[in-house]
Structures are given as C-alpha cells and as structure tokens.
Amino acid sequence: MKKKIDLDKIIDDFITRLINGEKITVDEVLAQYPQYAKKLKPLLEIELSLLALGRQLKELSNKEFPAYDQEIWQKLEKTILDKELKKLKKISQTLKVKSQLPLRYPYEFILLLLYVKGYRSQVAEGIRGITRIIKTLFLVAKLTTLPKLLKNYYKFVPYKLGPFDPKIYQDLKLLQSAGFITTQKYKYSKSPLKLKSEINSNYLDEGTIYKLTSDGVKYAQALAQWCEKKDPEILLNLRRIKANFTRAPLKKLLKYIYEHYPEYTTESEVLKQILNS
C-alpha cells in the first residue's frame, strides 16, 4: 500500500522555505510530487497570495520582519496580479453579452458600494479614502448577512485603526489595474483628519476619492441586476450603510466602530484619541 502524502506538511515546508529566503517556486514543488500536482497547485498559489498580502501588511506597520528576497516578492505579486487580471478580462468580455452577473468575489462588494446611491442620493457616488472603504466593508459584515452570499468574504482582524484586512488593498489595486476604478484628488474645505500616531499617512488616504469608471459602472450594474432578482434587500442594505457611514467624519466613523466592536480595538494606536474626541 502506498504511503499517503500529507499535503499540509508539503505546503508548510514550502512556505517556511520561502520565509527563510530560499528561492523556491511552485513548479519545483510540483515536480517533486507530480501525482499530487493538480491538488497542490491551487493550494500553493493561495499561500503565495497570503504571503504577498503579508508583505503589504509589513510595509504598513513599519515593523521588522525577516529579510525576504525582493526579487521573489516582486515576482509573486506580479504573478498573482496577472492571474487576477486575466480573470477580470474574461469578465469584461462577458459583460458584452450578459446584463447580469452573480456575486462571486469579495471585491465585487467594493464595486457595488461605489455604485449604489450615497448620502447625496446619486448613483455611483465616490467614497473618500481607503480607511472609509475598509470600515464600510467591515460594517457590511457586521450589520448585514450579505457576506454569506460568498464563501470568502474579507476576514477582519484588529489593527492600527481597528478592523482591517490587507486584501482590500490588493483588490483596490487590482480593480484599478483592470480599469474598473479610478481615483481623483479631494479638495479640502477644511483641514483633514490628523492623528497622533505613527500610522502611515497613506493608510488614511483622506485626500483620494475612489470612483467607478464607465466599465466599472457596467460591471456593477450587472451585479446589481442579479442582486435585485436574488433579493432587493441586498442593494437596500448597501445603500443604507453607504449613506449613513461614508458621509460621516472619519473620527465619528471610527468612534462608532470602536464603541460597538471593542474586540477590534486591541491593536489600535488611536483608541484613546478617538473615544475621547
């Protein structure tokens, strides 16, 4: 009887070797276990995606992590982005012949949030700042059952400004690269939010408005039509959350989340500032 191979052990070994700086590829691992290549390949690629996100998290936190090989990271990130862009290119082609598409990926919630009416009651109102987008997606998870429509909605953990998932950064970059989202500078009528913290200013990103392109609107419309047939409450809930929370000053938005979900404030660097404001 052939000895059963522990796939989890193979994956753990692969990740450990990468973290230790060894230049090893998925193809090299698959060559060692050709009989399990079909099962192993998607699992290893998922782990590479998680590692790439970990590197983004490292850049945000300014903490010291093991020294990774820059060339490996760049190749991993490019591979992941290229793969996802091919998927989005196919979706673009599908939109030419289909008027509705089912929800399948977490980033489609970003498109829907940017599409539904906000506090100005206008379709496709932009959202200012990455922080508002992250916190709004968090509130979608907490105030609605919509994430149950997917198997892999964003997984939030406590971080410097409260609930956070670094994959949202990757998805915003992906949607921009695919031509579904664009950005524009925000003109301040008064000074932007300043926090006494070492938080990278790019994390707040208060000076950028995220909006849908014309192709992004078509994609979101196809998703919205599916949602309307599935359950009209889907879009209604998204509209309520967008209208109520994306117009709020950032301090008020953070304060609401901190007061209602304290379990996500354990790593916050601005907890006292926000709660005492």
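Restricting to the range 70-87, name every residue that is modelled with pLDDT of 70 or more and either on the phi > 0 side of the Ramachandran plot or of a type in the set (Asp, Glu) (or both).
Within the range 70-87, Asp82, Glu84 meet the criteria.
Residue under question is Phe138, and the condition is that it be out of contact with any Asp or Glu (no Cβ under 9 Å at 6 or more places or on another chain) and part of a helix (DSSP H, G or I); does it hold? Outline the logic, then answer.
Details: out of contact with any Asp or Glu (no Cβ under 9 Å at 6 or more places or on another chain): no; part of a helix (DSSP H, G or I): yes.
For Phe138, the condition - out of contact with any Asp or Glu (no Cβ under 9 Å at 6 or more places or on another chain) and part of a helix (DSSP H, G or I) - is not met.
With within 28 Å of Leu161 (Cβ to Cβ), among the β-branched types (Val, Ile, Thr) and modelled with pLDDT under 90 as the only criterion, which of Ile209, Ile199 stands out?
Criteria check complete, one pass: Ile199.
Go through Thr136, Thr131 for me and flag whichever is closer than 21 Å to Leu174 by Cβ, under 19 Å from the mean Cα position of the chain (by Cα) and at pLDDT 95 or above. Spell out how you get there, then give the answer.
Working: Thr131 fails: at pLDDT 95 or above.
Residue meeting the stated conditions: Thr136.
Tally time: how many residues in the range 241-277 are surrounded by fewer than 15 Cβ atoms within 10 Å (Cβ to Cβ) and under 21 Å from Gly126 (Cα atoms)?
3
Among the residues of the range 218-277, write down those that are among the hydrophobic types (A, V, I, L, M, F, W, C) and either over 22 Å from Phe164 (Cα atoms) or outside any helix (DSSP H, G or I) (or both). First the steps, then the outcome.
Applying the first criterion (among the hydrophobic types (A, V, I, L, M, F, W, C)) to the range 218-277 yields 220, 222-224, 226-227, 234-236, 238, 241, 243, 245, 248, 250, 253-254, 257, 270-271, 274-275.
Across the range 218-277, the qualifying residues are Ala220, Ala222, Leu223, Ala224, Trp226, Cys227, Ile234, Leu235, Leu236, Ala248, Val270.
May I ask you to list the residues in the range 106-123 that are modelled with pLDDT under 95, farther than 16 Å from Pro166 by Cβ and either outside the structural domain of Tyr261 (by TED's automatic domain parsing) or buried (at least 18 other Cβ atoms within 10 Å of the Cβ) (or both)?
Result: Gly118, single match.
Residues of the range 154-169 being hydrophobic (A, V, I, L, M, F, W, C) and more than 15 Å from the chain's Cα centre (by Cα), which ones?
Pass one, the range 154-169, residues hydrophobic (A, V, I, L, M, F, W, C): 156-157, 161, 164, 168.
Leu161, the sole residue that qualifies.
Within the range 18-42, how many residues turn out to be buried (at least 16 other Cβ atoms within 10 Å of the Cβ) and modelled with pLDDT under 75?
1
In the range 171-192, which residue that is modelled with pLDDT under 85 and not charged (D, E, K, R) is farthest from Ser92 (Cα to Cα)?
By that ranking, first place goes to Ser191.
Of all residues in the range 88-102, count the ones that are touching a residue at least 24 places away in the same chain (Cβ under 8 Å) and either outside any loop (DSSP other than H, G, I, E, B) or crowded, with 18+ Cβ neighbours inside 10 Å (or both).
Counting residues in the range 88-102 that are touching a residue at least 24 places away in the same chain (Cβ under 8 Å) and either outside any loop (DSSP other than H, G, I, E, B) or crowded, with 18+ Cβ neighbours inside 10 Å (or both) gives 5.
The values are calculated or read from the model by the stated rules, or taken from the named source; none is laboratory data. Quantities reported herein were computed from a predicted structural model and do not represent experimental measurements. Here the Cβ is made from the backbone with ideal geometry for all residues, glycine too, and neighbour counts use every protein chain on show.
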